[in-house]
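Read through the structure below, which is laid out as structure tokens, and then see the notes.
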Amino acid sequence: MPARPKLLLLLLPLLPLLPLPRTYAWPIPTTAPATAPAAPAPAPAKIDYYALSAEDFFKLPAVKDRFKETATFSQLDRDLLEAAIFHATNQARAKQKLPPLKFAPQLAPIARQHSDEMVQLQYIEHDSPVPEFHTVTDRFTRAGLKPQQYAENIAMLPTIDAPPGEFKYTIENGVTRRFTADTGKEILPYTYDGYAHACVQGWMDSPHHRANILEPHMTHMAIGLAVGLYEKQDSVLVTQNFSTPLK
């Protein structure tokens, strides 16, 4: 068995930030008259991910980005990943000659609330330990929604695209790198595209989850996810809600 790499933690004193010295010529030049600051550049228009087809959505450069390894992956773009799972689900339906589901903004807060709660309370179940949100029906009713038919899928995947088996890691300059124990291949965080398709494929491999995705009477869907530690591992917990037409 190869020896584990030794990890060293170096604590360096913080140095005060000092202003750079300035050099003046004599006589000191007079200050130029103040000018009005330039107007800030307009913020780029936010893309409506749900107005795009699945094909066009997955052409966006951002979906090929990997999750940034910040503290508990706090910089993960939740809106982008939710849309990626939404469109990957519709791709799965298209393969079965089913029409795409429409985005339902009324369902998104219900899904996010359940995912946030699962991270906070450390469980992965459809039934919540919080009485007022105990069942899917409770959550829909509290939101004022009473569709004729509705369903829910949930999932949890780690933020790294790790194959089954053991892995080892090293820390270099404060950066953690992971490698498979058998082949030494580096394990990287998921891309938004990769995570979405891995999540949907996991549902499609499960008969009950697959049935929800391919239910022909469903017309609307929304995804809500939360990022955090689950059993001491950086993870993304996902809730997917479906419904028939909403009034």
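For this structure, a couple of remarks:
- Placing pseudo-labels 7 Å out from each Cα toward the beta carbon at residue 171 and residue 187 gives an inter-label distance of 1.7 nm.
- Under 12 Å from the residue 149 label point (7 Å along Cα→beta-carbon), backbone N, the range 187-227: 211-220
- Filtered GluC sites (Glu not before Pro), the range 123-183: DSSP coil and at most 16 other beta carbons within 10 Å: 125, 166
- Unsatisfied cross-links (Cα-Cα over 29 Å) in the set 95/168; 95/232; 102/185; 68/168; 46/232; 102/146: 95/168; 95/232; 102/185; 46/232
- Set of the range 119-154 residues, backbone N closer than 13 Å to the point 7 Å along the Cα-Cβ line of residue 247: 144-149
- Per-residue SASA entry for residue 210, accessible area with 1.4 Å probe, Å² rounded to 10: 90 Å²
- Residues of the range 77-136: accessible area per residue with a 1.4 Å probe, Å²: 48 Å²
- Theoretical gain in end-to-end length, residue 66 to residue 178 [0.36 nm per residue, Cα-Cα removed]: 38.8 nm
- In terms of its C-alpha gyration tensor, the range 64-160 has an oblate overall shape, because the principal axis ratio a/c (a ≥ b ≥ c, square roots of the eigenvalues) is not below 1.5 and a/b does not outweigh b/c.
- Residue 198 paired with residue 74, simple spin-label distance in nm, labels 7 Å along Cα-to-beta-carbon: 2.4 nm
The values are calculated or read from the model by the stated rules, or taken from the named source; none is laboratory data. Model, not experiment: these values are computed from the prediction. Here Cβ is always computed from backbone atoms with ideal geometry, including for glycine, and neighbour counts include all displayed protein chains. Please note that ligands, DNA and RNA were not included when accessible areas were found on the heavy atoms of the full protein model with its side chains. Shrake-Rupley method; radii C 1.70, N 1.55, O 1.52, S 1.80 Å.
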